[in-house]
Amino acid sequence: MKLSDSTLGAYSLRYMSLSGYSLRLLISIIFFQKLSYALDDPLVKLSTIEEAASLKVGYGYLLVDLDVGGTGPSIEFVRLKTGDKLYLGQKQKYAVKGDKKLIRLSQDKQGFYVTQLQEGLYQITKINAPYFDLPYKLSTDRDRRWRFSVEAGKVNYIGKLVIKKKRSTKYVGVDLVSRIATDKDRIKSLLTKLPEQVLLRHGTGFRDDFYSTFIDENKE
């Protein structure tokens, strides 16, 4: 059966239309893939309090005091699937929500730093602390002392992160210590430099009634 020129022209136009639709669909898929990667960037960057940006909706500031050494230390962490809970019981199981995140540290980062994270409960899973000839890694994925929580619209202080080589030894000391009682006045002074004034909370990932009460009693 022979097709007329008009019929062939109609098929051609239809093919071109479908081809154009397929191309637009492919471009849309690529765009949204790129967008999702950008929104879920595994590298989390720290900034000084003076350089902090205004909070996005559903996000809170993570505040950490750094005292680190070595050649390119970093911490890895994941967000936990807990519904709307910011704490878990001591033996309560959890599932991971999303991919792992990475914060790269350096020797010049000393003092208080902030970043923005979505509200939720997080677990620091690994500390990478290469120290000259000491390749050091510490797994913390099952240790609730390395858990922290972020509440949206607040400054969530998680403590002082120390990564230091112990003197005259081949060991690296790693610790996350809460100094909210000691550094309260200093922290409150620094927080006035944020682009917006928000409340301070103790961002540990396990319930600590003493420090929570301490902050509540010292609000102005």
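Here, each number is a calculation from the coordinates, and none is a lab measurement. This is a predicted model, so every value here is computed, not measured. Here the Cβ is made from the backbone with ideal geometry for all residues, glycine too, and neighbour counts use every protein chain on show.
Laid out as a table, the results:
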{"quantity": "Debye intensity ratio I(q)/I(0), log10, region 44-171, q values 0.17, 0.18, 0.22 Å⁻¹ (C-alpha model)", "calculated": "-0.92, -1.02, -1.37"}
{"quantity": "Cβ crowding within 10 Å averaged over residues, with 55-62, 182-189, 120-127 ranked highest first", "calculated": "120-127, 55-62, 182-189"}
{"quantity": "VAL57-LYS166 FRET efficiency (beta carbon distance; Förster radius 30 Å; 0.05 resolution)", "calculated": "0.10"}
{"quantity": "Per-pair calculated FRET efficiency, R0 = 41 Å: ASP185 and LEU102 via Cβ, rounded to 0.05", "calculated": "0.80"}
{"quantity": "Radius 9 Å from Cβ of GLY70, net charge of other residues (Lys, Arg +1; Asp, Glu -1)", "calculated": "+2"}
{"quantity": "Interchain or long-range residues, amide H under 5 Å from LYS154's placed H", "calculated": "TYR61"}
{"quantity": "Amide H contacts of GLY173 (H built 1.01 Å from N, under 5 Å, at least 5 apart or other chain)", "calculated": "LYS164, LYS165, LYS166"}
{"quantity": "Distant-in-sequence amide H partners of THR204 (H built 1.01 Å from N, under 5 Å)", "calculated": "SER149"}
